[in-house]
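The structure under discussion appears below in the form of structure tokens.
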């Protein structure tokens, strides 16, 4: 069971003059989850906190999201940081640009599945598809409760062939079903990949709220500070925050550390 982060001074692990890497999820972490992801925007307060943190020569900032790389870069809008779109399959940053080869190969397959699912869910209120180039999400947060099993069944039947061939894999998120390339790559792998490029034995801090963030918590076990949004017994995170609204408070503490 993780400990509540604000019950202790856990940022003491960051020593004076020590560089560290800060990894943040977006939806449910930096912004509240919305029924329509297009309506999620960073508050000016949080955006300014991130800007101030990036001005420190001691902090490397990365945002890892299930959103497409272009979408997450546009929503955060800070040029000098690292971004990982599609759960880290697509990465950009200072002097860095990487897309996993299997993601490139899966792009045409994803497009085909999108067309099939589009026909199948037509007329189902609240169900919609989000095309993220290398991954595809079926959102059902706004679907009536009695219709959710039907939507899930449509998804399962449509993607079964591709799961059997192991060309694609499925991720179950919060009121969303996601189709991704079948590849041994996730947020945890992406975090380690970025850290390797930093060429610095930095302490790492990772904050996230979703099941996809668990791979990062696990990857950074015993080598960083891992924080889950929302308490859960089934997590690899060391600590938790009560909700996304406490992230700004934590960023303020990190900002103080970087300025000392």
Lone unmet requirement of (1) out of contact with any strand residue (DSSP E or B) (no Cβ under 8 Å at 6 or more places or on another chain); (2) on the phi > 0 side of the Ramachandran plot; (3) not assigned by TED's automatic domain parsing to the domain that holds residue 10 for residue 158: (2)
Screening 218, 172 for residues that are touching a helix residue (DSSP H, G or I) at 6+ places or on another chain (Cβ under 8 Å), in the same structural domain as residue 117 (by TED's automatic domain parsing), closer than 28 Å to residue 137 by Cα and surrounded by fewer than 16 Cβ atoms within 10 Å (Cβ to Cβ) leaves only 172
Select from the range 71-89 the residues that are touching a residue at least 24 places away in the same chain (Cβ under 8 Å) and out of contact with any helix residue (DSSP H, G or I) (no Cβ under 8 Å at 6 or more places or on another chain) and list them in ascending order. 71, 72, 75
Within the bounds of the range 37-51, is there any residue that is in the same structural domain as residue 230 (by TED's automatic domain parsing), farther than 17 Å from residue 208 by Cα, buried (at least 17 other Cβ atoms within 10 Å of the Cβ) and touching a residue at least 12 places away in the same chain (Cβ under 8 Å)? yes
A careful count of residues in the range 90-131 that are assigned to a loop (DSSP other than H, G, I, E, B), without any contact (Cβ under 8 Å) to a residue 60 or more places away in the chain and surrounded by 15 or more Cβ atoms within 10 Å (Cβ to Cβ) gives 4
Exactly one of (1) touching a strand residue (DSSP E or B) at 6+ places or on another chain (Cβ under 6 Å); (2) over 19 Å from residue 209 (Cβ atoms) is unmet by residue 16. Its number? (1)
Output the residues belonging to the range 225-239 that are within 15 Å of residue 192 (Cα to Cα) and either out of contact with any strand residue (DSSP E or B) (no Cβ under 9 Å at 6 or more places or on another chain) or surrounded by fewer than 23 Cβ atoms within 10 Å (Cβ to Cβ) (or both). 225
I'm trying to understand the selection: among the residues of the range 210-238, which are more than 16 Å from residue 84 (Cβ to Cβ) and in a loop (DSSP other than H, G, I, E, B)? 221, 222, 223, 230, 231, 232, 233, 234, 235, 236, 237, 238
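The values are calculated or read from the model by the stated rules, or taken from the named source; none is laboratory data. Keep in mind that this is a model prediction, so the values were computed, not measured. So basically every Cβ, Gly included, is an ideal-geometry build from the backbone, and we count neighbours across all protein chains shown.
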